[in-house]
Amino acid sequence: MSTLRTFGSAAGAAAITGGLVLVATPATAADTATVSVLHAIPDTPVDVYADGERLIDDFQPGTLTDPLQLPAGSYDLAIFPADAADGSGAPLLSANGVAVPAGANATVVAHLKEDGTPVLTPFVNDTSAIPAGQARVTVRHTAAAPAVDVRAGGTPVVEGLTNPDEASLTVPAGTITADVVLAGTDTVAIGPADLTLAEGTSTIVYAWGNGDAGYELAVQTISGMHSMPTGVPGGSAGLVDQDGALPAVAALSVVGLVAAGAGALRLARTRG
């Protein structure tokens, strides 16, 4: 049985391999971004550095930082083994010139690709309003594993999700029982676990880990996205996409901090 870990403050999706360039609405020097970091690489405590200064010390697998308020700007990021003295030696992961736009709300996830290679992936929160009586659920595949299906109450609601993609749904608020199975099978990889989906919140579920250390779920929640009710919301059992679609947003590769903001957003991927 996998452990269900629950965290607060989350983010939406973007991808990179060697570096990340994000172009958004210009910001003043006083503007900040909200950034959380989830460590999802098994058995590997790390230190996280920004511009040569240690940002997070002895970061343990399965933990998420409190939201960090960072000034908008450009950062050189690196992750070192936790026992490396003052960030010496070669980093496990790094990216230079990472732009952090003003108003961003993001989570960066250190995790494994399907082949077991460590990567650092930035995800941008969808903080748009949610209809009255509803909640948003996003599932992200960040485990060293092949494609999976996500089930609610034993019924697949997301199928063929591959690392490092995501799928989002708008659903009735309530409690569901979810698990993760190998795609097209009933072979359970993670779960089952009960998820409480409060009205006006966005719940983001990560599948992470590997075959040796085991697979787990990490659950992040952001709130405050209520819409004013325009009628009596309907309800239904299970996890239901109210728009009849399961949008999967590609997301991922090495390091970066995100952007979501008030203006148009452009993502340019570069490979190092």
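Tell me, how many Å apart are the Cα centres for the range 190-229 and for the range 63-136? Centre-to-centre (Cα) distance: 18 Å.
Could you tell me the convex hull volume per residue, in Å³, taken over the Cα atoms of the range 69-191?
Working: hull volume 18.2 nm³, N = 123.
Expressed per residue, the convex hull around the Cα atoms of the range 69-191 is 148 Å³.
From most to least packed by mean Cβ count within 10 Å, the peptides 195-201, 49-55 give 195-201, 49-55.
Students often check this: by mean Cβ neighbours within 10 Å, which of 82-94, 214-226 ranks highest, and how do the rest follow? Before the final figure, lay out the partial values.
Values: 82-94: 13.4, 214-226: 19.5.
Top of the packing list down: 214-226, 82-94.
Note that the range 102-174 shows a convex hull volume over its alpha carbon atoms of 94 Å³ per residue. I need the fraction of alpha carbon pairs in the range 77-141 separated by more than 18 Å, rounded to a whole percent. More than 18 Å apart: 56 percent of the Cα pairs in the range 77-141.
Taken together, the values in this text are just the output of simple stated rules run on the coordinates, not laboratory data. Predicted model only: the values in this text are computed from it and were never measured. Glycine gets a Cβ as well: all are built from the backbone with ideal geometry, and neighbour counts include every protein chain shown.
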